[in-house]
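A short write-up of the structure that comes next.
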Amino acid sequence: MHRVPKGCLGIALLASLSALPAAAQDFRAAEEQVEDIVVTAEELNVVNRPPVGAVVQLNRRVSLQAREFIDCAGAPALRHLRGIVDAQPASSATILALDSHIRRNRPCYHTSSTTLPHPVPFYGQCNPIADLTGSIAAPPPDGGSSNRIFNASIENQICRAVHDRGAIFEYVLHTYAPDLSLSRADTLVPEALARFTANERENGTLRRQQQRRLYLFAACVVQLQPGAAILLTRTEPGSAAENRLASLMIARSQPCRGRAETVTIDTSQFRANSAEALYRWTLAVRNVDSLLPPED
């Protein structure tokens with residue numbers, strides 16, 4: 001057995017899953033063990049973890065606000081939409097596209113201020129909404145490099161950009177693939193797996209380590225549960241149905257959990273990462289570069 005470096009764990013695991021038969025999961029046993037899956041606040045190896053309940057509620061609120069913003073503002077312009085979903089994740093193009101979309105639609109953006117006081121590209125990079133005291137978080141002390149994204153939750157902050165991106169990926173899936181249907185028979189095809197992993201190796205390098213781990217975990221779960229991932233995008237954010245489905249997805253994807261008996265992960269963050277992973281698995285299965293129409 002070869003030891004896999006932590007940074008490569010997700011990719012290696014995705015590759016190993018190609019050998020699984022379609023019936024590898026015991027769904028009845030998974031349903032019985034779902035109560036052991038704790039879908040609450042999450043991080044892997046994050047120091048100074050804040051209280052679980054407060055983070056859950058904050059993530060849920062920010063997730064709802066991200067979807068309310070989409071409902072109010074509508075879709076980004078096609079060039080911005082392409083930058084958000086098809087450019088390299090955490091690249092300056094992706095970050096600037098989201099920041100620009102938010103600034104163009106600031107009356108729809110849930111904020112305690114009538115203006116957006118932070119400089120470009122604050123709202124596309126992390127946009128740490130609040131700490132546990134409810135105060136507006138300050139920009140990163142280094143001023144925020146435009147070629148990286150900050151962790152989904154770190155140092156008692158919640159990055160709203162993760163949720164805004166998740167809501168936009170769901171919009172794209174619902175709008176440009178309304179009848180999407182995927183199964184493990186699709187995602188375990190070696191050619192699709194090769195395309196997905198090649199894309200992540202090439203384009204996932206700008207993700208912060210913590211965010212990449214969260215994304216690769218979600219990508220692994222989506223690979224084994226693509227049908228459930230589609231259903232997850234159609235549940236009401238913050239609902240019992242969302243929480244139950246996310247729990248079952250994790251329970252039924254034991255290879256993605258390794259030896260962990262209990263998984264602690266925030267449902268809203270998991271949903272946001274799953275939406276992106278579902279989009280990218282769809283591209284890999286269909287062997288296309290985008291679901292968006294060509295620009296005129």
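Please treat every number below as a calculation from the coordinates, not as lab data. All values reported here derive from a predicted model rather than from experimental measurement. Using ideal geometry, Cβ is built from the backbone for each residue, glycine included, and neighbour counts are taken over all protein chains shown.
Figures for the structure shown
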| item | result |
| --- | --- |
| Loop sites in the stretch 233-296: GluC sites (Glu not before Pro), DSSP, at most 13 other Cβ within 10 Å | Glu261, Glu295 |
| Selection from Asn273, Cys256, Pro237 lying farthest towards where the dipole of the stretch 212-296 points positive, charges on Cβ | Cys256 |
| Overall form of the stretch 158-226 per C-alpha gyration tensor (a/c, 1.5; a/b vs b/c) | oblate |
| Spin-label pair Arg244/Asn287, simplified geometry with 7 Å Cα→Cβ offset, distance in nm | 4.0 |
| Net length gained if the chain between Ser183 and Ala87 were fully extended (0.36 nm per residue, minus Cα distance) | 32.0 nm |
| Rh by Kirkwood over Cα pairs, then Stokes-Einstein D for the stretch 225-296 at 1.567 mPa s and 4 °C, µm²/s | 96 |
| Segment Thr264-Arg104, length gained on full extension (0.36 nm per residue, minus Cα span) | 54.0 nm |
